[in-house]
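These notes concern the structure reproduced below.
The values are calculated or read from the model by the stated rules, or taken from the named source; none is laboratory data. Treat the numbers as computed from the prediction; the structure is a model and nothing was measured. Heads up, the Cβs are rebuilt from the backbone with ideal geometry, glycines too, and the neighbour counts pull from every protein chain shown. Please note that ligands, DNA and RNA were not included when accessible areas were found on the heavy atoms of the full protein model with its side chains. Shrake-Rupley method; radii C 1.70, N 1.55, O 1.52, S 1.80 Å.
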Amino acid sequence: MKDILSKLFTIAGVLFVASCGGKGTPADMPTEDLVSEKFVNGEDLVHPAFLAVAGDGLLVTNLSTCDTLLNYYDGNGKPAGAFLPKGEGDKEALWLSTVQYDSKFGDAYCSDIDKKVLFRIAGIGKGEAVVDGKTWRPVTEADTIENTGKYLKFADFYLGYNVSTAGMFSIYTPDGVLLGAEVPYPDKSLVDDGLTEWANIHLYQPSLSVNDRGDFGVISFYGSGMIVLVSDKDGKPDFRIIEGEAPNDIFLVQSGADFVQGAFTKDSKVHSISSSAGMDHAYVLYSGLTDEVLKETEYSKEANLSGSRDVKVYDRNGEEVRKLRLDRWVHQIAVSYDEKWLYALTHTPEEGFIVVRYAL
């Protein structure tokens, strides 16, 4: 298996880059102010969790407590389909953790972390959507791989997010055969030598997104400034790591003789809240506030959610090229493939959850 991995993936490899500016250093880069327009009304949403742009429309997952876990809205922001009812059946889901769109076939994909499968909703972008019962899951694993059930379809492969020392991402063939793992977790010494490897890994809570061509993706982290970009390079996943701050002010919790867990504190910095990949750029909803300060914001108190108004934009080389300031606090974002629109999930005391969008 290691031989397969070396033949197939080390040509692309993993590249570490320092965060730097394109139009100037991030410190002196001008901030662009954006004004929103409403896209989906509050009464048309259920209890939204994650977003993905699907052509002119929008995919919205719902919390696992809802009766239906995926909704589709057309180009006018109107309800145009509901899929994946809550349940144990072949065409039912339990807890959706990712959502993406494949524009080549007009299909949607959602990973279920309870069932550890990737659902396909065929033809959702062509007006004849159906949950066809076809799911993807790994057929081979390794003892060193601890997969979370968060899967993404990428180019001619599938990526699984891991919590293991083998690497953040396991890479599979379309048939579910494991080819290997890539992208090492940062060393625990950057946080606290007292952490176990397991406790260090669990400090990295990801937001994952792949564009609708399946050739570019972004993974950002709530408690770390590190960002991982993945591109399709000659048919192989090519990972590029933007180095950033490690998790800070972590409290060690001892449970038994050999079990140590790391816990965020009020002084721990919150970095990425959400991220989304377009044609050539990654959009990261960034906080930079400590947990204590973030919880005292008006948005956090009203919506009971972590949010921000600031979006950082990176090109495929990992350079920060734009800084955007939204006119309202939001907690999830999704960019269209052509990068003409940035959609955002927000909450107001009057309407509850609504989706807005920004012209880019």
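For this structure, a couple of remarks:
- Legend: residue pairs LYS266/LYS312; LYS86/LYS153; LYS38/LYS312; LYS78/LYS115; LYS153/LYS323, Cα-Cα distance threshold 27 Å; pairs beyond threshold, LYS78/LYS115; LYS153/LYS323.
- Between GLY89, GLY180, GLY235, the residue with the greatest mean-square fluctuation in the GNM of the chain (Cα pairs under 10 Å linked by springs) is GLY89.
- Using C-alpha pairs under 8 Å with a sequence gap of at least 6, the mean separation divided by the residue count of the range 157-307 gives a relative contact order of 16 percent.
- Candidates ILE333, ILE250, ILE227: whichever shows maximal mean-square fluctuation once the chain is modelled as a Gaussian network with Cα springs under 10 Å: ILE250
- Accessible surface of the chain, 1.4 Å probe, proportion on carbon and sulfur as whole %: 49 percent
- Note: relative contact order over the range 219-266, using C-alpha pairs below 8 Å and six or more positions apart, is 27 percent.
- Cα gyration tensor, the range 214-360 - rounded (a/c under 1.5), prolate or oblate: oblate
- For the range 25-86, pairs of C-alpha atoms spaced more than 19 angstrom apart make up 40 percent of the total.
- Accessible heavy-atom area order of TYR172, TYR72, highest first, probe of 1.4 Å: TYR72, TYR172
- For the range 254-349, trypsin sites (Lys or Arg not before Pro) are listed when DSSP marks them as loop and at most 14 other Cβ atoms sit within 10 Å of their Cβ; the list is LYS266, LYS340.
- Euclidean distance between Cα centres, the range 129-166 to the range 88-103, Å: 13 Å
- Across the range 105-174, Cα-Cα pairs farther apart than 21 Å form 27% of the total.
- Spatial extent of the range 205-285: Rg and Dmax, with the Cα atoms as the point set, Å: 15.7, 49
- Charge context of PRO79, other residues only, Cβ under 12 angstrom, K/R +1, D/E -1: -2
- Fraction of the pair-distance distribution of the range 231-274 above 16 Å, Cα-Cα pairs, percent: 63 percent
- Cα-based radius of gyration for the range 57-202, normalised by 2.2 N^0.38 Å, reads 1.16.
- Binning the alpha carbon pair distances of the chain at 20 angstrom intervals from zero yields the distribution 30, 61, 9, expressed in whole percent.
- Value of relative contact order over the chain, rounded to a whole percent, pairs C-alpha under 8 Å and six or more apart: 17 percent
- Solvent exposure of the range 206-327 as accessible area per residue, Å², 1.4 Å probe: 39 Å²
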